[in-house]
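Let me begin by presenting the structure, written as structure tokens, before commenting on it.
The values are calculated or read from the model by the stated rules, or taken from the named source; none is laboratory data. Only a predicted model underlies this, so the values are computations on that prediction, with no experimental measurement involved. Glycine gets a Cβ as well: all are built from the backbone with ideal geometry, and neighbour counts include every protein chain shown.
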Amino acid sequence: MQGRMKQHPLNATEIAEVLNKSEVGRIATNDPNGFPYIVPVHYIYWNEKIYIHGLVKGQKIDYLKLDSKVGFEVDEMGAILPDEHIVCDTNTVFRSVILLGNAQMVDETDLKRNVLKRVVEKYTPELSHLEFPENMFKATGIIEITPVAVTGKYYK
């Protein structure tokens, strides 16, 4: 375990708060050559799962079909805390969450609509009264990540 994880772990409530509050997450998939492929995404945290929306086709979708194991990360960066005497002791106020899990595409229509409604409520609440056009709904993919391990840490 990393040193900071021992000294500054987030509890389950704090982890959920960071996952709910953060606006950009990063999903890491594995390409066919074993290299990580990391993409910033909009997402929601709901029912203890991560849901990511986007196009139904693309590199991350192709890689998920080859390997469902993913990483997901969010962070909040605060102020820089310079040390006046030892440059290496400069630090940053932050909270971060790292999640390892299994991903799959959501095919179930009601779940997909529910997720998209929550995405709109999170990012553009002023538009939450509008319906998704059917052609856009069909062209939108939803990735569901079921966590296997979740850790969070902070410094302040």
Residue match in the range 146-154 (condition: surrounded by 17 or more Cβ atoms within 10 Å (Cβ to Cβ) and either over 21 Å from Lys69 (Cα atoms) or at pLDDT below 95 (or both)): yes
Selected residue [surrounded by 12 or more Cβ atoms within 10 Å (Cβ to Cβ), hydrophobic (A, V, I, L, M, F, W, C), within 25 Å of Asn135 (Cα to Cα) and within 11 Å of the chain's Cα centre (by Cα)] from Ile52, Ile98: Ile52
Top-ranked residue in the range 1-36 [being surrounded by 15 or more Cβ atoms within 10 Å (Cβ to Cβ) and among the hydroxyl-bearing types (Ser, Thr, Tyr); ranked as nearest to the chain's Cα centre (by Cα)]: Ser22
Count - residues of the range 73-113 that are closer than 19 Å to Arg26 by Cα, touching a residue at least 24 places away in the same chain (Cβ under 8 Å) and either hydroxyl-bearing (Ser, Thr, Tyr) or out of contact with any helix residue (DSSP H, G or I) (no Cβ under 9 Å at 6 or more places or on another chain) (or both): 8
Lone unmet requirement of (1) surrounded by 16 or more Cβ atoms within 10 Å (Cβ to Cβ); (2) out of contact with any helix residue (DSSP H, G or I) (no Cβ under 9 Å at 6 or more places or on another chain); (3) β-branched (Val, Ile, Thr); (4) farther than 22 Å from Val120 by Cα for Ile61: (4)
Test for Leu66: is it under 20 Å from His42 (Cα atoms) and either touching a Leu at 6+ places or on another chain (Cβ under 8 Å) or at pLDDT 95 or above (or both): no
Qualifying residues in the range 37-46 (those that are touching a strand residue (DSSP E or B) at 6+ places or on another chain (Cβ under 7 Å) and aromatic (Phe, Trp, Tyr)) - the one surrounded by the fewest Cβ atoms within 10 Å (Cβ to Cβ): Tyr37
Total residues in the range 104-138, condition over 21 Å from the mean Cα position of the chain (by Cα), not in a loop (DSSP other than H, G, I, E, B) and not polar (S, T, N, Q): 7
The one condition in (1) at pLDDT below 95; (2) loosely packed, with under 11 Cβ neighbours inside 10 Å that Phe137 fails to fulfil: (2)
